[in-house]
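Comments concern the structure below.
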Amino acid sequence: MTIMKFSSHSNGQYITVPQKRLGSVQLKILEVVWDAQEATTQDITRAIAKKRPQAVNTIPISLKRLTNKGLLSRTMDGKRFRYRATVSRMRFLSGVL
């Protein structure tokens, strides 16, 4: 298994992510969040459902896993969470390629 390390922009801590542990839904979520810079679960679900309606049921658990891996951060906004990427798209892709 390939291990990738990222330095978070906000606090300089390293995030270790096993490359092969990111599924296609998790990668799609990251793409949506990178494009929007910040997104709610509903925003992410709408964006993914357009192209992959079968993936809608896995989005909440995928968000939790990405947060646990340190790739997303979340803040409470009323009754919903807002998600932001902790690693830029360029930084992530440079670790993958």
Most packed first (mean Cβ within 10 Å per residue), the peptides 45-52, 84-91 order as 84-91, 45-52
I want the local charge near L30. Using Cβ-Cβ distances under 12 Å, sum +1 for each Lys or Arg and -1 for each Asp or Glu among the other residues. +4
Starting from the exponent 0.38 and prefactor 2.2 Å, build the expected Rg for region 20-88 from its residue count and divide its actual Cα Rg by it. 0.99
Hey, can you grab everything whose amide H is under 5 Å from the amide H of L72? Only 5+ residues off in sequence or another chain; H modelled, so Pro and N-termini drop out. T67, T86
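Only the coordinates and a few stated rules stand behind these numbers; no lab work does. Bear in mind that the values here come from a model prediction, so they are computed numbers and not experimental data. A quick note on method: Cβ atoms are made from the backbone with ideal geometry, for glycine too, and the neighbour counts reach across all protein chains shown.
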